[in-house]
Amino acid sequence: ALGKGSDLEKAFATAALVYNNSADPEGKLSKAETKNLLETQFGAFIRGQENKPKYQEIISALDEELENKIDFEDFMILLVSLALMSDLLQEIKNVKNTK
């Protein structure tokens, strides 16, 4: 559907597709499923962040209240939060585009 979309549109569509493929029929993920999805699909961004207080806060929130589920909006907030604190984001910012 986004064959001619921009790189950013394709990136967002991919995030939505990955989420939807893991979500239940109501379009939600358990907190355990959310944690697993982040660890398996976003590992390069969260690797090395384990000792950061904000990372620990996010992950501990996923370990608590297991009956609550995460919707797509909350998932994207987690994704952006983890990306912003990541050391990988700084490395990406330092790469010069050679196009």
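Scan the stretch 1-55 residue by residue and report those that are open to solvent by less than 60 Å² (accessible area, probe 1.4 Å), among the hydroxyl-bearing types (S, T, Y) and not in a loop (DSSP other than H, G, I, E, B).
Of everything in the stretch 1-55, those that are open to solvent by less than 60 Å² (accessible area, probe 1.4 Å), among the hydroxyl-bearing types (S, T, Y) and not in a loop (DSSP other than H, G, I, E, B) turn out to be Y19, S22, S30, T34, Y55.
In the set L79, L84, which member is surrounded by 14 or more Cβ atoms within 10 Å (Cβ to Cβ) and outside any loop (DSSP other than H, G, I, E, B)?
Going through L79, L84 in turn, just one is surrounded by 14 or more Cβ atoms within 10 Å (Cβ to Cβ) and outside any loop (DSSP other than H, G, I, E, B): L79.
Hey, could you check the stretch 58-76 for residues that are modelled with pLDDT of 85 or more and open to solvent by 50 Å² or more (accessible area, probe 1.4 Å) and say which is farthest from T14 (Cα to Cα)?
Within the stretch 58-76, the match that is farthest from T14 (Cα to Cα) is K69.
Output yes when any residue across the stretch 64-71 is within 13 Å of the chain's Cα centre (by Cα) and acidic (D, E), and no when none is.
So far as the stretch 64-71 goes, yes, one or more of its residues are within 13 Å of the chain's Cα centre (by Cα) and acidic (D, E).
Give all pairs with beta carbons closer than 6 Å in which a residue from the stretch 16-35 that is more than 12 Å from L78 (Cβ to Cβ) meets a residue that is open to solvent by 80 Å² or more (accessible area, probe 1.4 Å) and of a type in the set (K, R); count only pairs at least 6 apart in sequence or on separate chains.
Every condition considered, the pairs that remain are K28/K69; S30/K69.
The values are calculated or read from the model by the stated rules, or taken from the named source; none is laboratory data. The structure displayed is predicted, hence computed values, not measured ones. Here Cβ is always computed from backbone atoms with ideal geometry, including for glycine, and neighbour counts include all displayed protein chains. Ligands, DNA and RNA are stripped out before the accessible areas are found, and what is left, the full protein with its side chains, is counted by its heavy atoms. Shrake-Rupley method; radii C 1.70, N 1.55, O 1.52, S 1.80 Å.
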